[in-house]
Amino acid sequence: MKFSGFPDCLLAQEGEFRWNENMQGVVLASFFYGYVTTQILGGILAQKFGGKRLLLFGIFWTAVLTILTPIFTRVGGFPAIVATRVLEGIGEVRRSASELAVYISCDILQFNTFNPIFVIVR
């Protein structure tokens, strides 16, 4: 018997999709493929359009795709969920780039408090 850390009652459940562990790993990793590939682009867009706008767009983008994920998956299967997760990862780039741009523009980072981001950015 293989130990996975989950209770047997959860392991025995059958889901709507029959995906093996490798396919599940690809689905989980596909989010980070989109997230990692847009880090530099997110910083450029935050400088060009402003962190607040990029943050708003990123939240909207990710929310819409998350709501549509079940529909896309039922219609398109495995490739559709991988593509959706990559697009969600692209939308999440706003979290690092735009939030940092908003913090800097609002002068939240101050000299009197220790903040590692302040040291790196300034």
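The alpha carbon centroids of segment 14-31 and segment 63-78 are separated by 14 Å. For Trp19, Trp61, which order do you get if you count the other beta carbons within 10 Å of each Cβ and list the fewest first? Exposure proxy ranking, most exposed first: Trp19, Trp61.
Every read-out reported here was derived from the displayed coordinates using simple, explicitly stated rules and does not represent laboratory data. Nothing here was measured: the structure is a model prediction, and the numbers come from that model. Note that each Cβ is placed from the backbone with ideal geometry, even for glycine, and that neighbours are counted across all protein chains shown.
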